[in-house]
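A short worksheet on the structure shown next.
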Amino acid sequence: MALIVQKYGGTSVANTERIKNVAQRVARFRAQGHQVVVVLSAMSGETNKLIALAKEISASPDPRELDQVCSTGEQVTIGLLSMALKDIGVPAKSYTGGQVKVLTDNTFTKARILSIDEASMRRDLDAGKVVVVAGFQGVDAEGNVTTLGRGGSDTSAVALAAALKADECQIYTDVDGVYTTDPRVVPQAKKLDVITFEEMLEMASLGSKVLQIRSVEFAGKYKVKLRVLSSFEDEGEGTLITVEEDKNMEQPIISGIAFNRDEAKLTLLGVPDKPGIAYHILGAIAADNIDVDMIIQNVGVDGTTDFSFTVNNSDFARAKGILDKVKSELAARAVIGDNSIGKVSIVGVGMRSHPGVASRMFKALADEGINIQMISTSEIKISVVIDEKYLELAVRVLHRTFGLDRAD
Ligand code: ADP
Ligand code: ASP
Ligand code: MG
């Protein structure tokens, strides 16, 4: 008998028929003698709809109230699944994040989980019940409802699996595993049987939304056995996220390609080239809780330099406003903003032992006439910022260049 946490994403619970299918799958696992905790997302599109409603009321909704609204989608699906389970003779009980309780900090809209009280879930499991928990949500020390950021149900599932010391955390979604790149953009993408945590972390943080990055961090930290599978197929082992590289296997140089359309680039031209400038600029940005991704400072010429960085598109307008102020404080020449950029990244632990990967990447892009605006590298990834309109072309070209296309 194993304890399994299963998470079903939005498309897997998109309507009542699919919810009934999920109930059947859960029932099959239980019939095999396993204890099952289910974590659910809202029906697909529901969270977007709730955010849109909030924005109809207020251009920048109060974050506490936004979480109050956005967390409701998951409350619907957990109730419906528990009913579906009971209807087929499986005892079940639903819990909101607050009822579990999933204690978080109070950073509304992107709260972090601090602790999980597993006592009541354990009691239900021991009594033979399936426990159904709302993903994406928690509660802070004052009892306020919080949410964990878009795609946060993955993180709820892994955190519950860690707290319960589950044997496996299974993420059921609308693809049958993690692919070399988004199979909806590159039909030739291949499913990976295994991928290391290190690579999955990079893929997730660089834009592959199949797993929320925090879920991968959590799984790595608490050694949760994590698997991505299809909720629409009964066969298949999905993709296992592993701690160890398989030393017996020849590692591919590149395991996957990630991309992200959600970034924007900001440049401050002609800033004085002296100590404290990067701090002055980025300190002001950080003070407003805006995350910065790539940063480039040019070589100084004639006592001035140019400074560029990228932020999430949703922070673009705010960041630009801050830079306009910083520009006058530093007597810089101009602020330029560009929110039609995209970032494409190649990821692979095999890069460590293979020189020349960057030049192959740059040549492939040059051959297509794609201009590189920014570059950033780490030991196992290379990212470039390019014009958004070439993003999908770049992904396809790199997928082919690094031998990732399926043979058939
Ligand atoms: P869910 O609603 O189940 O959480 P998501 O839409 O959040 O599902 O994540 C699954 C989607 O992630 C897939 O439909 C696919 O388009 C996308 N995706 C992006 N990169 C990858 C990748 N490397 N492998 C598999 N899917 C990917
Ligand atoms: N429903 C939330 C979202 O759409 C959480 C999730 O699906 O993981 O972001
Ligand atoms: Mg998701």
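No value in this document is a laboratory result; all are computed from the given coordinates. Please read all numbers here as calculations on a predicted model, not as lab measurements. Neighbour counts run over all protein chains shown; Cβ positions are idealised from the backbone, glycine included.
Details
- The angle separating the long axis of helix 46-57 from the principal Cα axis of greatest extent in the chain is about 60 degrees.
- Within region 168-266, the GluC sites (Glu not before Pro) that combine a DSSP coil assignment with at most 12 other C-beta atoms in a 10 angstrom radius are Glu233, Glu235, Glu237, Glu244, Glu250.
- Sparsely packed trypsin sites (Lys or Arg not before Pro) within region 188-234, loop by DSSP, other Cβ within 10 Å at most 12: Lys223
- Residue separation of Ile375 and Tyr222 scaled by 0.36 nm, minus their Cα-Cα distance, works out to 51.8 nm of gained length.
- Across the options Ser94, Thr77, Ala111, the greatest Cα extent toward the positive end of the charge dipole of region 75-126 (unit charges at beta carbon of Lys, Arg, Asp, Glu) belongs to Ala111.
- Relative contact order %, region 337-405, counting alpha carbon pairs below 8 Å whose residues are six or more apart: 44
- Extension gain, Asp193 to Ala287: 0.36 nm times the residue separation minus the Cα-Cα distance gives 29.6 nm.
- Cross-link reach list, lysines versus Lys49, counting only Cα pairs under 21 Å and skipping chain neighbours closer than eight places: Lys110, Lys209
- Charge dipole of the chain about the Cα centre (unit charges at C-beta), most positive-ward option of Tyr279, Thr155, Ala331: Thr155
- Here the contact order of the chain, divided by its residue count and restricted to Cα pairs under 8 Å and six or more residues apart, works out to 13 percent.
- Annotation: the antiparallel percentage among DSSP beta bridges lying fully within the chain is about 60.
- Gain in span if fully extended, Glu388 to Leu269, counting 0.36 nm per residue against the direct Cα distance: 40.6 nm
- Placing a label point 7 Å from the Cα of Asp302 along the Cα-to-Cβ direction, the residues of region 264-294 with a backbone N closer than 16 Å are 269-273.
- Cα Rg over Rh - region 145-223, Kirkwood: 0.97
- Legend: translational diffusion of the chain by Stokes-Einstein, Rh = Kirkwood radius over C-alpha pairs, 4 °C, 1.567 mPa s; D = 57 µm²/s.
- Here the chain is treated with +1 on each Lys and Arg Cβ and -1 on each Asp and Glu Cβ, and its dipole about the Cα centre works out to around 480 debye.
- For region 213-358, the normalised intensity computed at q = 0.10, 0.14 Å⁻¹ comes to -0.56, -0.86 (log10 of I(q)/I(0), Debye sum over alpha carbons, equal scatterers, no solvent).
- Simple spin-label estimate for Arg261 and Lys325 in nanometres, 7 Å along Cα-Cβ: 3.2
- In a DSSP loop and with at most 15 other Cβ atoms within 10 Å, the chymotrypsin sites (Phe, Trp or Tyr not before Pro) in region 215-301 are Phe232.
- Top positive-direction residue, dipole computed over the chain with Cβ charges, set Leu404, Ala59, Val224: Val224
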